[in-house]
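S.K.: Pasting a structure here, questions to come.
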Amino acid sequence: MTETASIGRYQPNERAALAETFDALHLDRLSDLARVDAPERAAIRAVAYKGHAPFGPAEMDLLPSLGLIANYGVGYDAIDLDAAQARGVRVTNTPDVLTDDVADLAIGLWLMQRREMEQASRWAREGHWKAKGEYRLNTQASRGTAGILGLGRIGRAIARRLEGFGMEIHYHSRSEKETPGWRYHADPVALAEAVDTLFVALVGGAETEGMVSAEVIHALGDRGVLVNIARGSLVDEDALLDALEAGRIAGAGLDVFRGEPDIDPRFYALPSVVIQPHQGSGSRQTRAAMAALQRENVAAFLDGRDLATPVI
Ligand SMILES: NC(=O)C1=CN([C@@H]2O[C@H](COP(=O)(O)OP(=O)(O)OC[C@H]3O[C@@H](n4cnc5c(N)ncnc54)[C@H](O)[C@@H]3O)[C@@H](O)[C@H]2O)C=CC1
Ligand SMILES: O=C(O)C(=O)CO
């Protein structure tokens, strides 16, 4: 019986590598676990997990020999760390290897929103350029002020890229950091008030739930843009949608949503919103690196070596 299970929607090559390396049991969804025979479940010591469904005490208790959850992704907000700790289950994630991709996508969302690139592309494709002339004027992106909410690996990578656009950088994090002249704000509302574009790069989970509140959105103002590449749970989406519909905020670039992929349809009707289907880390190169790091964590656990990228 196999000691490992891979759970989630993996690419065929990732699945094949997991199966070849570990002879892993594969399940598409975490909820499928309950249907696996008890002896097979009891043999599982490590789970390679890819998904956003909550992995909590009920799921862990279906796996009495569980010692490791190796998460595919840096954000481990789906995994209940207290429940894992209480059961002696280690957790790993895949930091760093995806930072550049996610920061690139954040910059892309910002540029697309400010320069209306999605609409302008449609203008050309639908023949309006030829028939009616040039696309309407839009908003300059460079040389403004940007706020980074959560100055971790991805937040810093976004800020460094923005410096190349001549942007003044402001940030909020739990504490003031060593930075090259970036301005710290003690709370997210003060940060939003100071900037034109607010980039959200915080961790998800209970502690940061709704940190981009109605007040933060209001502080960003009618010339402000919100870019979120972190988690939908960070944003009060009703407040954001109300503000977008009323023009109380200029627009948004969003890669993540509450309830994704079943997102609030009000987003689709808003031309001021650039939507991406949670693909921040979605280049072939980065996904290969994430999958390899996940497998390295599983291999280290099974061999009794130090975990490559432990969370707990
Ligand atoms: N769109 C996508 O495809 C991807 C999204 N992500 C999301 O981006 C997040 C950030 O990733 P990294 O930068 O690698 O993580 P990180 O741990 O390096 O950075 C997170 C930052 O949030 C800050 N933070 C945490 N709690 C806070 C609080 N209560 N108040 C203020 N700041 C707080 C931390 O101090 C840290 O600076 C991930 O947790 C994940 O949810 C990550 C990868 C891909
Ligand atoms: O790594 C993460 O946290 C993701 O959201 C998927 O890349």
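S.K.: How many residues are open to solvent by 60 Å² or more (accessible area, probe 1.4 Å) and within 13 Å of ligand 1 (Cβ to nearest atom) if we restrict to the range 185-205?
M.R.: Looking only at that region, the number is 3.
S.K.: Just one of 240, 234, 226 is within 13 Å of ligand 2 (Cβ to nearest atom) and open to solvent by less than 10 Å² (accessible area, probe 1.4 Å); which is it?
M.R.: So the residue among 240, 234, 226 that is within 13 Å of ligand 2 (Cβ to nearest atom) and open to solvent by less than 10 Å² (accessible area, probe 1.4 Å) is 234.
S.K.: Could you check residue 175 against (1) within 24 Å of residue 100 (Cβ to Cβ); (2) within 11 Å of ligand 1 (Cβ to nearest atom) and say which number it fails?
M.R.: Exception for residue 175: condition (1).
S.K.: Also: Restricting to the range 187-216, name every residue that is farther than 22 Å from residue 248 by Cα, touching a residue at least 60 places away in the same chain (Cβ under 8 Å) and of a type in the set (S, T, N, Q).
M.R.: none
S.K.: If you don't mind, there's one more thing I want to ask. Could you say whether any residue in the range 60-75 is within 27 Å of the chain's Cα centre (by Cα), without any contact (Cβ under 8 Å) to a residue 24 or more places away in the chain and either within 14 Å of ligand 1 (Cβ to nearest atom) or open to solvent by 20 Å² or more (accessible area, probe 1.4 Å) (or both)?
M.R.: No.
S.K.: Let me spell it out: the conditions are (1) among the β-branched types (Val, Ile, Thr); (2) in contact with a Ser or Thr (Cβ under 8 Å, 6 or more places away or on another chain); (3) more than 16 Å from ligand 2 (Cβ to nearest atom), and residue 107 meets all of them except one. Which number is the exception?
M.R.: Exception for residue 107: condition (2).
S.K.: Test residue 37 against the criterion of being over 24 Å from residue 286 (Cβ atoms), under 25 Å from the mean Cα position of the chain (by Cα) and either open to solvent by 50 Å² or more (accessible area, probe 1.4 Å) or not assigned by TED's automatic domain parsing to the domain that holds residue 260 (or both), and give yes or no.
M.R.: So residue 37 does not fit the description; no.
The values are calculated or read from the model by the stated rules, or taken from the named source; none is laboratory data. A quick note: this is a predicted structure, and the numbers were derived from the prediction, not measured. Neighbour counts run over all protein chains shown; Cβ positions are idealised from the backbone, glycine included. Ligands, DNA and RNA are excluded from the accessible area calculation, which covers all protein heavy atoms including side chains. Shrake-Rupley method; radii C 1.70, N 1.55, O 1.52, S 1.80 Å.
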